[in-house]
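First comes the structure, then the notes that go with it.
The values are calculated or read from the model by the stated rules, or taken from the named source; none is laboratory data. These numbers were taken from a predicted model, which means no experiment stands behind them. When we count neighbours, we look across all protein chains shown, and the Cβ atoms used for this are built from the backbone with ideal geometry, even at glycine.
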């Protein structure tokens, strides 16, 4: 919503749109455990994930090849290791990750770091206030 105007080069005026510092994305109880809900905030698609009592927000863009990151599985990280004549997969303890559906790279939902590599997905800080979930614009989670 435009709430004031500012002059531009030719003396014309252009609406200035205020962008809220944080965006309300819904009731806390409307989020299923481990299921990303995607919102368009500004020009970005951002997935909000509930994991237990914590909430995380990540841009819906895999840093590898631009895949739809939030279409991937949210889970605990997987670990692979040899077991006799085959590879054994197990689930590690730790923070939740989201796995890109294209190549299965896993990204820590707390900070966007790839679990086994150098890439980083963009994450956002999330606040829960009075039963409402808010995504902070322009602030990377740490």
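Any chance the stretch 26-37 includes a residue that's touching a helix residue (DSSP H, G or I) at 6+ places or on another chain (Cβ under 7 Å), buried (at least 16 other Cβ atoms within 10 Å of the Cβ) and at pLDDT 95 or above? Step through it out loud before you land on a result.
Just the residues of the stretch 26-37 that are touching a helix residue (DSSP H, G or I) at 6+ places or on another chain (Cβ under 7 Å), to begin with: 36.
Cutting the leftovers down to buried (at least 16 other Cβ atoms within 10 Å of the Cβ) gives us 36.
When the remaining residues are screened for being at pLDDT 95 or above, the result is 36.
The answer is yes, given that some residue of the stretch 26-37 is touching a helix residue (DSSP H, G or I) at 6+ places or on another chain (Cβ under 7 Å), buried (at least 16 other Cβ atoms within 10 Å of the Cβ) and at pLDDT 95 or above.
Any idea how many residues of the stretch 114-142 are touching a helix residue (DSSP H, G or I) at 6+ places or on another chain (Cβ under 8 Å) and assigned to a strand (DSSP E or B)? Give the steps one after another, and end with the answer.
At the first step, the residues of the stretch 114-142 found to be touching a helix residue (DSSP H, G or I) at 6+ places or on another chain (Cβ under 8 Å) are 121, 128, 131-133.
Filter again for assigned to a strand (DSSP E or B), leaving 128, 132-133.
Selection size over the stretch 114-142: 3.
So residue 19 passes all but one of these: (1) at positive phi; (2) at pLDDT below 95. Which condition number does it fail?
(1)
Tell me which residues, restricted to the stretch 115-141, are closer than 17 Å to residue 73 by Cβ, surrounded by 15 or more Cβ atoms within 10 Å (Cβ to Cβ) and modelled with pLDDT under 95.
115
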